[in-house]
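For reference, the structure discussed in these notes is given below.
The values are calculated or read from the model by the stated rules, or taken from the named source; none is laboratory data. Values in this document were obtained by computation on a predicted structure and should not be read as measured data. Here the Cβ positions follow ideal geometry from the backbone for every residue, glycine too, while neighbour counts run over all protein chains shown.
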Amino acid sequence: MDLENQKRVLNISEEHGAENVVILLGAAEAEASGLAAETVTAGDPTFAGPLTGVQLGLTVYHICEDEVKSEVDPSVYEEQVGMMEMVMDVDSIHEEMENIRKEYCKYLG
Amino acid sequence: MNNFPVIKGSSYVLAFTPDMIMHSGTTQTTEKVVNPDSEYLRELPKHYRTYEEVVSYIPNQVYIGNATYDDLGNTPFPFYDKKWENAKSDGAFGSIVDEEEFYGTMHISDVFELVLFEPEFAKRVKEKLEKRKFFTEAQLEKLIADKSTASREELERLVNEEHAEGLYINLTELVGVIKRAHDVDVNLSAHVMLENLVAKASNVIALIELVKKNNIKPEDIDYVIDCCEEACGDMNQRGGGNFAKASAETAGYTNATGSDIRGFCAGPAHAMIHAASLVHSGTFKNVVVSGGGCTAKLGMNGKDHVKKGLPVLEDCVASFAILVSENDGIHPVIRTDIVGSHKIGTGSAPQMVITALVGEPLTRAGLKFTDIDKYAPELQNPDITKPAGAGDVPEANYKMIAALAVMKKEIERSQIADFVKKHGMTGWAPTQGHIPSGVPYLGHLIKECLDKKTKRAMIVGKGSLFLGRLTNLFDGVSFIVEANEGSGSVEHDIESSNETVFKAKGTSTKGINVAYALEGSEHGSQEARLALKIAASKGIDTVLCDGADAHSQMEKLLGSGEAQAAVTMHYPFPIGVSTVGKVITPAKGKPMYIANTTGTSDTDRVAALVKNAIAGIIAAKADGVERPTVGIANIDGARACAKILRTLKDNGYDIEFADSARADGGVEMRGNDLLMGSCDVMVMDALTGNLMMKLFSSYTTGGQYESVGYGYGPGIGEGYDKLIMIVSRASGAPVVAGAVEYAANLIANDWKAIAKAEYAAAHKAGLDALLSEISSAKKADVEEEAEVVAPPKEVCTEAIAGIEVMDLEDAVKTLWKAGVYAESGMGCTGPIIQIAPARLEQSMDILRKAGYIE
Amino acid sequence: MAILKDKYVVVIGDRDGVPGPAIEECAKTAGANIAYSSTECFV
């Protein structure tokens, strides 16, 4: 994940409390989604950014996952994400995200 | 012949630069700051490829034109462990140079004595580059000149003490440096100069390969547009430019100028549209779009490649050049009329982006998604992006286009995979930002169009503007390329594709032929052909007169009787001819005739209005309105005109007056009546009429394109028997077709007989007497002026100055009235009145009293 | 319990997936506060 983005994630979770922060991803692939999710939960796996060794355990979802999709106005979702749903491999993204969440998320209800 | 510009040639170049991965790639330079002792930095060099491996890598052979993208598509994924048999570093479109050759090109591209080579290295590079035949002897000599070389110790000192950037081979061997170009200015630091020299040098090779591979003379190029992603300039103009001209200079394009266009990865697509427009407009004949590569993106995804045990696949700097030229009837054309753009208000949702770039231009052009044989979005090599978790970028783009086609109900959801296969390509381009953005396909596309394998392709460029932190916007533009309709030579194209005769279609053929002289239309000849096709569908034959002699062709057709009417954009009518436009009024869609003139109906304003009214009645009747109602626009002279028309009616000329729709009624028409069409014939003067015609013809489009109505109408005057219909340069196909239809109606209803009868009736009702009353009233004024006659001539040697030049003649007359002979003239310092010396004082008095002098 | 409502949401979009602004539009309708939004680019 971009270093500037890591810095912002760290600052925002310090400001609002990690339990109040949710990360939403839009990555095109399961693998990239998993890497980003790992970064904001277990720390930067590439050891490059401010989140290196920082286990925030933030709640993280991909925008195409049903858990968050169901909370979004369906017409807005269709307009903004509808087409990419057809393009992305939603199932494998969900599976990858589930694995990361189960292992590292600290604030799942 | 359509005049769309063509893509005449292309070149593609790769420079294998393994040592720059470590020293200049941002993934590595960042890692060196953050984790200087990281395992990644230690492992990285073990994953470098050799030059031979890079040359035989199939995606690279596709890039330089030795293999096709289908060859790549038929290769089982991944590609890095496969080799292209018979791989060569010299390809159909360009070449793959090695690191030493590339350093040499950077040295030759440097004009500021910033690059220094170790002497033995310099000699070796010169020998290598001689074989490539890129450069002149003088350019090669520079490599080994005393000023260009330095000992290894000096090179090391420059790196360690003077902030120079080192040029390395074999991981650690220092063979050259790039010095900083300024001690303080970071914009001219060694780091920035290296990046910019890399961009320039790679561009230079592409420009040289472009002329070599396509048999073009470098001096024929007029303009070069660079579209890379670097910026050059000093601290006072950080992005001043101009990579284009700097590169073209080294490439020997002596007659070219140029400039840079930036748009992140969309830069090349933007630049292609600019180039096409420059050529289409005739501003320049041969425009090259080119872009050098960047060091920053070398090894960008290196961490993933190393982690997965792959070679570092981002090890080449890439560049390209494309030549856009005037239509030669052979090469594929750029449809400058079908361009897609991501607008500021488009939004960033993928379907909005794809709609703006792909869906909207297709809809506008009346094309389906499947009418495009091949789409060329970003063509990144999936071998590079997939292991990095970024997926297969071109494939994702094809799926998005297919998904949009599904949403538009043009294909079924189950057909997405087929669509992607048929209209897509396997990506082969290196991830050098702007380089993969649609343009790598152009070389292959030229060949496919010439081989008649591909008819139509769409090039889509997309750019991540948000990375600049000045906006959150995304960007993109697209354009369509089509195989040239001409099949071999210019002559052939002119003869066979230049359709000029349009025969009536359908059952209602009217047996009428109209000539259309196309001279100066803002919408071009294809729009004209569309207009005549519409007319043909309404049963009217037409002939298109195109070219510089359009008007004389038109006159010939009219003279021989081959055409009974003509439509044209301007015509020198004799004095006394009115023109009667026909518009559609917006309130209820009711047609209305605007009786005015594009010429001069009469030199007197009121007489002109009266004559326009009669012409309006004639045109309306001849167009099929039995008893047209006449209103007079409420303009200067309307009352006087109405008075004369009433007298004519009282004397027996049958005029049906209209009544204003406003509460107080009357024959004078207000603005509201214009919109409502309260009368059939709206009488106006020339200038107001012209304003109204333009307004009524283009109110649905916003101005530039006249889409509604029947044009500015026929010229009608007493004894004038040619039927000339006027349209404007802004008139679109519907208006031109309307003018043809209007002419056909006038002919069918024998407009000449109607005109003759109307003029006879008006004369009988005393038209001549009424018009001469106006002119005799005027003459009285003129005569009063004329009463002043010059006194007997005297020799004038004295001068009176200080009179306003506009008042000079009046001042002379004032003196004449007082019996003083005077002449006007021009002295050294301004206008003067000349006078006999004896009259001087008297004259000064007279002029002073009259207020001409002080 | 809702995932997004009244939470501080950090959006990390992808230029070749779903871009940041598109995710923002969605999250807003679920009652989230957008704390930060960005779009990454892998190419």
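Take B:Thr336 and tell me if it is over 28 Å from B:Val289 (Cβ atoms) and away from every other protein chain (no Cβ under 12 Å). Reasoning before the result, please.
Values: over 28 Å from B:Val289 (Cβ atoms): no; away from every other protein chain (no Cβ under 12 Å): yes.
Spelling it out, it is not the case that B:Thr336 is over 28 Å from B:Val289 (Cβ atoms) and away from every other protein chain (no Cβ under 12 Å).
Which residue, of B:Val610, B:Val577, is more than 37 Å from the chain's Cα centre (by Cα), within 24 Å of B:Val630 (Cα to Cα) and modelled with pLDDT under 95? Step through it out loud before you land on a result.
Details: B:Val610 fails: modelled with pLDDT under 95.
On inspection, the qualifying residue turns out to be B:Val577.
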From the list A:Gly57, A:Gly49, which one is over 14 Å from the mean Cα position of the chain (by Cα) and either under 14 Å from C:Tyr36 (Cβ atoms) or assigned to a loop (DSSP other than H, G, I, E, B) (or both)? A:Gly49
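Look through B:Glu773, B:Glu741, B:Glu823 and report the one residue that is without any contact (Cβ under 8 Å) to a residue 12 or more places away in the chain and either part of a loop (DSSP other than H, G, I, E, B) or of a type in the set (Asp, Glu) (or both).
Among B:Glu773, B:Glu741, B:Glu823, only B:Glu773 is without any contact (Cβ under 8 Å) to a residue 12 or more places away in the chain and either part of a loop (DSSP other than H, G, I, E, B) or of a type in the set (Asp, Glu) (or both).
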Note on the stretch B:86-103: residues within 29 Å of B:His423 (Cβ to Cβ) and either of a type in the set (S, T, N, Q) or in a loop (DSSP other than H, G, I, E, B) (or both) are B:Ala87, B:Gly91, B:Ala92, B:Phe93
Where the second residue is of a type in the set (Ser, Thr, Tyr) and surrounded by 21 or more Cβ atoms within 10 Å (Cβ to Cβ) and the first is more than 7 Å from every other protein chain (Cβ to nearest Cβ) and lies in the stretch B:386-408, which pairs have Cβ atoms under 8 Å and are six or more apart or on separate chains? B:Asp392/B:Thr385; B:Pro394/B:Thr426; B:Asn397/B:Tyr375; B:Tyr398/B:Tyr375; B:Ile401/B:Tyr375
Filter the stretch B:248-266 for residues that are within 21 Å of B:Thr283 (Cβ to Cβ), in contact with a Gly (Cβ under 7 Å, 6 or more places away or on another chain) and among the small types (Gly, Ala, Ser) and give the result. B:Ala248, B:Ser259, B:Gly263
Quick one: how many residues across the stretch C:28-41 are at the interface with chain A (Cβ under 7 Å from one of its Cβ atoms) and surrounded by fewer than 24 Cβ atoms within 10 Å (Cβ to Cβ)? 5
Assuming B:Asn690 fulfils every condition listed in (1) surrounded by fewer than 19 Cβ atoms within 10 Å (Cβ to Cβ); (2) within 24 Å of B:Val740 (Cα to Cα) apart from one, which condition is it? (1)
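Right, B:Gln432: under 29 Å from B:Asp304 (Cβ atoms), of a type in the set (S, T, N, Q) and free of Cβ contacts under 8 Å to residues at least 60 places away in the same chain or not? It would help to see each step written out before you state the result.
Working: under 29 Å from B:Asp304 (Cβ atoms): yes; of a type in the set (S, T, N, Q): yes; free of Cβ contacts under 8 Å to residues at least 60 places away in the same chain: no.
The answer is no for B:Gln432.
What do you reckon, is C:Tyr8 at the interface with chain A (Cβ under 7 Å from one of its Cβ atoms), surrounded by fewer than 24 Cβ atoms within 10 Å (Cβ to Cβ), of a type in the set (Phe, Trp, Tyr) and under 9 Å from the mean Cα position of the chain (by Cα)? Show your work before the answer.
Details: at the interface with chain A (Cβ under 7 Å from one of its Cβ atoms): yes; surrounded by fewer than 24 Cβ atoms within 10 Å (Cβ to Cβ): yes; of a type in the set (Phe, Trp, Tyr): yes; under 9 Å from the mean Cα position of the chain (by Cα): no.
So C:Tyr8 fails the test.
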With respect to the numbered conditions (1) touching a strand residue (DSSP E or B) at 6+ places or on another chain (Cβ under 8 Å); (2) within 7 Å of another protein chain (Cβ to nearest Cβ); (3) buried (at least 21 other Cβ atoms within 10 Å of the Cβ), which one is the sole condition not fulfilled by A:Arg8? (3)
Any residue in the stretch B:143-159 that's surrounded by 14 or more Cβ atoms within 10 Å (Cβ to Cβ): show its pairings with residues that are among the basic types (Lys, Arg) at Cβ separation under 7 Å, as long as the two are six or more apart or on different chains. B:Leu143/B:Lys126; B:Ile144/B:Lys123; B:Ile144/B:Lys126; B:Ser148/B:Lys142; B:Leu158/B:Lys179
Set B:Met300, B:Met272: member being more than 14 Å from chain A (Cβ to nearest Cβ) and touching a residue at least 60 places away in the same chain (Cβ under 8 Å): B:Met272
Hits in the stretch B:514-526 (condition: surrounded by 19 or more Cβ atoms within 10 Å (Cβ to Cβ) and either free of Cβ contacts under 8 Å to residues at least 60 places away in the same chain or not in a loop (DSSP other than H, G, I, E, B) (or both)): B:Val514, B:Ala515, B:Tyr516, B:Ala517, B:Leu518
Could you grab me the full set of residues in the stretch B:342-386 that are within 25 Å of B:Lys453 (Cβ to Cβ), assigned to a helix (DSSP H, G or I) and of a type outside the set (A, V, I, L, M, F, W, C)? B:Pro361, B:Thr370, B:Asp371, B:Pro382
Of the candidates B:Ala138, B:Ala122, the one satisfying the condition of being modelled with pLDDT of 95 or more, surrounded by fewer than 21 Cβ atoms within 10 Å (Cβ to Cβ) and of a type in the set (Gly, Ala, Ser) is B:Ala138
Would you call B:Ile372 over 30 Å from B:Gly9 (Cβ atoms) and either within 14 Å of chain A (Cβ to nearest Cβ) or modelled with pLDDT of 95 or more (or both)? no
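Considering each of B:Lys421, B:Lys386 in turn, give the residue that is in the same structural domain as B:Gly302 (by TED's automatic domain parsing), surrounded by 20 or more Cβ atoms within 10 Å (Cβ to Cβ) and over 32 Å from the mean Cα position of the chain (by Cα). It would help to see each step written out before you state the result.
Details: B:Lys421 fails: surrounded by 20 or more Cβ atoms within 10 Å (Cβ to Cβ).
After ruling out the rest, the residue left standing is B:Lys386.
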Looking at A:Glu71, A:Glu79, A:Glu67, which is the one that is part of a helix (DSSP H, G or I) and more than 12 Å from chain B (Cβ to nearest Cβ)? A:Glu67
Which residues, taken from the stretch B:38-85, are closer than 19 Å to B:Ser319 by Cβ, aromatic (Phe, Trp, Tyr) and in a loop (DSSP other than H, G, I, E, B)? B:Tyr57
Only one residue in B:Gly719, B:Gly703, B:Gly711 is in a loop (DSSP other than H, G, I, E, B) and surrounded by 14 or more Cβ atoms within 10 Å (Cβ to Cβ). Which one? B:Gly711
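Restricting attention to the stretch B:628-647, does a residue exist that is over 28 Å from B:Ser775 (Cα atoms) and either surrounded by fewer than 24 Cβ atoms within 10 Å (Cβ to Cβ) or in contact (Cβ under 8 Å) with a residue 24 or more places away in the chain (or both)?
The initial filter retains those residues of the stretch B:628-647 that are over 28 Å from B:Ser775 (Cα atoms), namely B:628.
Cutting the leftovers down to either surrounded by fewer than 24 Cβ atoms within 10 Å (Cβ to Cβ) or in contact (Cβ under 8 Å) with a residue 24 or more places away in the chain (or both) gives us B:628.
The answer is yes; a qualifying residue exists.
Give the stretch A:11-30 a look and list any residue that's in contact (Cβ under 8 Å) with a residue 24 or more places away in the chain and within 7 Å of chain C (Cβ to nearest Cβ), or say none.
Filtering the stretch A:11-30 for residues in contact (Cβ under 8 Å) with a residue 24 or more places away in the chain gives A:13, A:18-19, A:21-30.
Of everything in the stretch A:11-30, those that are in contact (Cβ under 8 Å) with a residue 24 or more places away in the chain and within 7 Å of chain C (Cβ to nearest Cβ) turn out to be A:Val21, A:Val22, A:Ile23, A:Leu24, A:Leu25, A:Gly26, A:Ala27, A:Ala28.
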By residue number, the members of the stretch B:469-484 that are within 17 Å of B:Pro440 (Cα to Cα) and within 14 Å of another protein chain (Cβ to nearest Cβ) are B:Gly476
So is B:Ala251 surrounded by 24 or more Cβ atoms within 10 Å (Cβ to Cβ) and out of contact with any strand residue (DSSP E or B) (no Cβ under 6 Å at 6 or more places or on another chain) or not? yes
Members of the stretch B:340-351 found to be farther than 19 Å from B:Ala271 by Cβ and either facing another protein chain (nearest Cβ under 8 Å) or crowded, with 22+ Cβ neighbours inside 10 Å (or both), listed by number: B:Gly347, B:Ser348, B:Ala349, B:Pro350, B:Gln351
